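S.K.: Right, I'll just put the structure down here and ask away after.
The values are calculated or read from the model by the stated rules, or taken from the named source; none is laboratory data. In this text the structure is predicted, and so the values were computed from the model without any measurement. Cβ placement follows ideal geometry from the backbone for every residue including glycine, while neighbour counts extend to all protein chains displayed. The area values use the complete protein model at the heavy-atom level, side chains included, leaving out ligands, DNA and RNA. Shrake-Rupley method; radii C 1.70, N 1.55, O 1.52, S 1.80 Å.
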Amino acid sequence: MPASYAYLGPEGTFTEVALRTLPEAATRQLVPYVSVQSALDAVRGGEAEAAFVPIENSVEGGVTTTLDELVAGQPLMIYREVLLSITFALLVRPGTKLSEIKTVTAHPVAQPQVRNWIRTHLPDVVWESAASNADGARLVQEGRYDAAFAGEFAAERYGLEVLEAGIHDAENAQTRFVLVGRPARPAAPTGADKTSVVLWQRDDHPGALRDLLGEFATRGINLMLLQSRPTGAGIGNYCFCVDAEGHISDRRMAEALTGLKRICLQVRFLGSYPRAGVEPSAVRPTLPGTSDEEFVAAADWVARCQDGRF
């Protein structure tokens, strides 16, 4: 049996479409799971080599289910990311008219991306959330709901018709997906990489978040995502999910993580991995004083001072 990749199912999700863009997916058995949690637990339990799940949307922001799963529980690591442009189709059972639709369903992340369209075309419809967009299509096939917002490609798979296509409130909407596996050595840097971590501050005090962000800023590291998530320890207790430009093998990133480890209650490393759709030539130049060569030269100078050779 080939090694398997778990993904948010059922068949026909945007997640499956994005997963199939990875060359290695052609050599893996792709197994749909009913939720993000079950897909990631399949990796933790050794049932799957890796899991492929959504983590961020350009309209709604972070996919909280995925972020919370990576924050808590047995540690996992991100190894790859994929960006997929998203537009929705309104799928119905054959013969259904727009005026006959009273209930619609889709994944909760889809709702902010079609909210204005619904307000204009289906103002009295009742929205119900589904485990995934493809699962919503399946529920329409079973007669549970009148229509589903899903990928147009899901219509044939579930015996539905495309009543409306190209539905989106925001132009160029994208969803970011990640390939997650058990912790191991990160892949070698490509020159266009991203590092993801979760940070817990020691205590709540003025400037606490500034102190965390300062570890990146003073080393010229650009942040690409900063999202707070509740720790479950009471109102006002948060951890911070951070994506930053660079690789853990970069001297500036390694020093930033070293500084964060000193001042944080806890740091969870989620991986260093290639940025989707970015070539090394397109990466912004480092700020003066933040290249690996300059870090090495500065460390060498300190060593020479310690030896009396300055």
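S.K.: Across the chain, how large is the tail of the calculated P(r) beyond 26 Å, expressed as a percent of all Cα pairs?
M.R.: Within the chain, distances greater than 26 Å cover 53 percent of Cα pairs.
S.K.: Please report, in Å, the Rg and the Dmax of the stretch 1-67, where both are computed over Cα atoms only.
M.R.: 11.7, 39
S.K.: Please pull out the direction-averaged projected area of the stretch 102-235, using the convex hull of its alpha-carbon atoms, in nm² to one decimal place.
M.R.: 13.6 nm²
S.K.: With θ taken as phi - 60° and the coefficients 6.51, -1.76 and 1.60, list the Karplus ³J(HN,Hα) couplings across the stretch 51-61 in order, rounded to whole Hz; mark glycine and proline as x.
M.R.: Values per residue, Gly and Pro as x: 10, 10, 9, x, 10, 7, 10, 5, 9, 8, x Hz.
S.K.: What distance in nm separates the simple spin-label points at residue 296 and residue 310, each placed 7 Å from Cα in the Cβ direction?
M.R.: 2.3 nm
S.K.: Could you list log10 I(q)/I(0) for the stretch 110-170 at q = 0.23, 0.27 Å⁻¹, which the Debye formula gives when each Cα is one point scatterer?
M.R.: So the normalised log intensities work out to -1.02, -1.35.
S.K.: Given axes a ≥ b ≥ c from the Cα gyration tensor, I'd like to know whether the stretch 143-182 is rounded (a/c under 1.5), prolate (a/b larger than b/c) or oblate.
M.R.: Here the stretch 143-182 falls in the oblate category.
S.K.: Equivalent ellipsoid semi-axes for the stretch 1-131, as square roots of 5 times the alpha carbon gyration tensor eigenvalues: give them largest first, rounded to whole Å.
M.R.: Result for the stretch 1-131: semi-axes of 31, 17, 13 Å.
S.K.: May I pose another question? I need to check one value: relative contact order of the chain, counting alpha carbon pairs closer than 8 Å and at least 6 residues apart, in percent.
M.R.: Numbers: 617 pairs, mean separation 61.4, N = 310.
Relative CO of the chain lands at 20 percent.
S.K.: Can you give me the pair-distance distribution of the stretch 230-272, C-alpha pairs, 5 Å bins, whole percents?
M.R.: Percent of Cα pairs in each bin: 5, 19, 25, 23, 14, 8, 5, 1.
S.K.: For the stretch 44-203, what is the accessible area per residue in Å² when the probe is 1.4 Å?
M.R.: Computed with neighbouring chains in place, this is 44 Å² per residue.
S.K.: Oh, and also: Counting other Cβ atoms within 10 Å of each Cβ, which trypsin sites (Lys or Arg not before Pro) in the stretch 191-300 have at most 11 and sit in a DSSP loop?
M.R.: Filter output for the stretch 191-300: 202.
S.K.: Right, next: Determine, from the Cβ-Cβ distance of residue 27 and residue 128 and an R0 of 45 Å, the FRET efficiency 1/(1 + (r/R0)^6), rounded to the nearest 0.05.
M.R.: After rounding to 0.05, the efficiency reads 0.75.
S.K.: List the relative contact order of the stretch 1-125 as a percent without decimals, with contacts defined as Cα pairs under 8 Å and 6+ residues apart.
M.R.: 22 percent.
S.K.: Rounded to the nearest whole Å³, what is the per residue volume of the convex hull around the Cα atoms of the stretch 79-155?
M.R.: Cα convex hull per residue, to the nearest whole number: 99 Å³.
S.K.: Something else now. With a 1.4 Å probe and all protein chains left in place, how much of the accessible area of the chain comes from carbon and sulfur atoms, in whole percent?
M.R.: 51 percent
S.K.: Hey, what do the phi angles of the stretch 191-207 turn into as Karplus ³J(HN,Hα) couplings, whole Hz, using 6.51/-1.76/1.60 and θ = phi - 60°, x for Gly and Pro?
M.R.: Coupling constants for the stretch 191-207: x, 9, 10, 9, 10, 10, 9, 10, 10, 10, 6, 5, 7, 8, 8, x, x Hz.
S.K.: Whole-Hz Karplus ³J(HN,Hα) for the stretch 97-111, in order, using 6.51 cos²θ - 1.76 cosθ + 1.60 and θ = phi - 60°, x for Gly and Pro?
M.R.: So the J values, rounded to whole Hz, are 9, 4, 5, 8, 7, 10, 9, 10, 8, 4, 5, x, 5, 6, 4.
S.K.: In Å, what Rg and Dmax follow from the Cα atoms of the stretch 157-310?
M.R.: Both quantities, over Cα of the stretch 157-310: 20.1, 79 Å.
S.K.: At 4 °C and a viscosity of 1.567 mPa s, what translational diffusion coefficient does Stokes-Einstein give for the stretch 162-207, taking Rh as the Kirkwood radius over Cα pairs? Give it in µm²/s as a whole number. Please list the in-between numbers first.
M.R.: Values: Rh = 16.5 Å.
For these conditions, the coefficient is 79 µm²/s.
S.K.: Could you work out the per residue convex hull volume over the alpha carbons of the stretch 185-232, in cubic angstrom? All intermediate terms of the calculation are to be shown ahead of the outcome.
M.R.: Details: hull volume 5.8 nm³, N = 48.
With only Cα atoms used, the stretch 185-232 gives 121 Å³ per residue.
S.K.: Before rounding to the nearest 500, sum -39500 (n - 2.57) across all DSSP H runs of length at least 4 in the chain and divide by the residue total; then give [θ] at 222 nm in deg cm²/dmol.
M.R.: Roughly -8000 deg cm²/dmol at 222 nm, from the helical runs in the chain.
S.K.: Hey, another quick one. What trypsin sites (Lys or Arg not before Pro) in the stretch 29-133 are in a loop by DSSP, with at most 11 other Cβ atoms within 10 Å of the Cβ?
M.R.: Sparse-neighbourhood loop trypsin sites (Lys or Arg not before Pro): 97.
S.K.: Right, another one. Looking at the stretch 49-149 only, what percent of DSSP beta bridges run antiparallel? Nearest 5 please.
M.R.: 45 percent
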